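Worksheet: one structure, shown below.
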Amino acid sequence: MATTYQYRGDKISWENDTGDDVSSGDVVKAGRLVGVALEDIPEDATGTVAVSGVFELAKDPNREWNQGEALSWDDSEGRFDTESNMSGDYSAGDVENCASAAEDAEDDAETGMVLLHPGRGELHT
């Protein structure tokens with residue numbers, strides 16, 4: 001193994017500078033990385049965040065998802081939405097194309113299975 005190897009990269013340390021406590025399971029951002037807190041992380045503390053994997057997360061309940069469809073994080077709504085729905089209508093804090101639908105989701109579902117793609121998203125400012 002290379003002497004420069006540090007760790008797998010599916011989890012990272014994340015400093016909570018949001019001004020609020022973060023609960024385990026909350027979606028958090030670090031630049032264009034979108035992840036899921038794996039533990040409660042108090043304000044100004046550091047905790048572990050998963051940046052890859054499949055998680056059941058909030059979605060737009062008015063939109064159907066198809067497996068493999070590109071997803072973006074809608075920061076103002078605090079949920080994932082389809083690229084086709086958000087395209088051209090991004091706001092500051094949104095992260096475009098940071099995930100894919102891991103499974104189909106019905107249009108009335110409030111959550112969906114999200115496959116995170118580390119480092120692939122584009123942060124809108």
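The values are calculated or read from the model by the stated rules, or taken from the named source; none is laboratory data. Because the structure is a prediction, the values reported are computed rather than measured. Because the Cβ atoms are built from the backbone with ideal geometry, glycine has one as well, and the counts that use them run over all protein chains shown.
Per-residue answers, yes or no, for (1) over 26 Å from Lys11 (Cβ atoms); (2) within 16 Å of the chain's Cα centre (by Cα):
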| position | (1), (2) |
| --- | --- |
| Asp40 | no, no |
| Val49 | no, yes |
| Phe55 | no, yes |
| Ser84 | yes, no |
| Asp89 | yes, no |
| Asp94 | no, yes |
| Thr111 | no, yes |
Give the residues of region 3-54 that are of a type in the set (Lys, Arg) and either surrounded by 15 or more Cβ atoms within 10 Å (Cβ to Cβ) or closer than 19 Å to Asp94 by Cα (or both), sorted by residue number. Lys11, Lys29, Arg32
Is it true that some residue in region 74-87 is polar (S, T, N, Q), without any contact (Cβ under 8 Å) to a residue 12 or more places away in the chain and assigned to a loop (DSSP other than H, G, I, E, B)? yes
Does Gly25 satisfy being of a type outside the set (A, V, I, L, M, F, W, C), under 30 Å from Asp107 (Cα atoms) and at pLDDT 95 or above? yes
Members of region 26-73 found to be touching a residue at least 60 places away in the same chain (Cβ under 8 Å), small (Gly, Ala, Ser) and touching an Asp or Glu at 6+ places or on another chain (Cβ under 7 Å), listed by number: Ala50, Ser52, Gly53
Tell me which of these Leu33 doesn't satisfy, since it passes every other one: (1) touching a Pro at 6+ places or on another chain (Cβ under 8 Å); (2) more than 18 Å from Leu123 (Cβ to Cβ); (3) of a type in the set (A, V, I, L, M). (2)
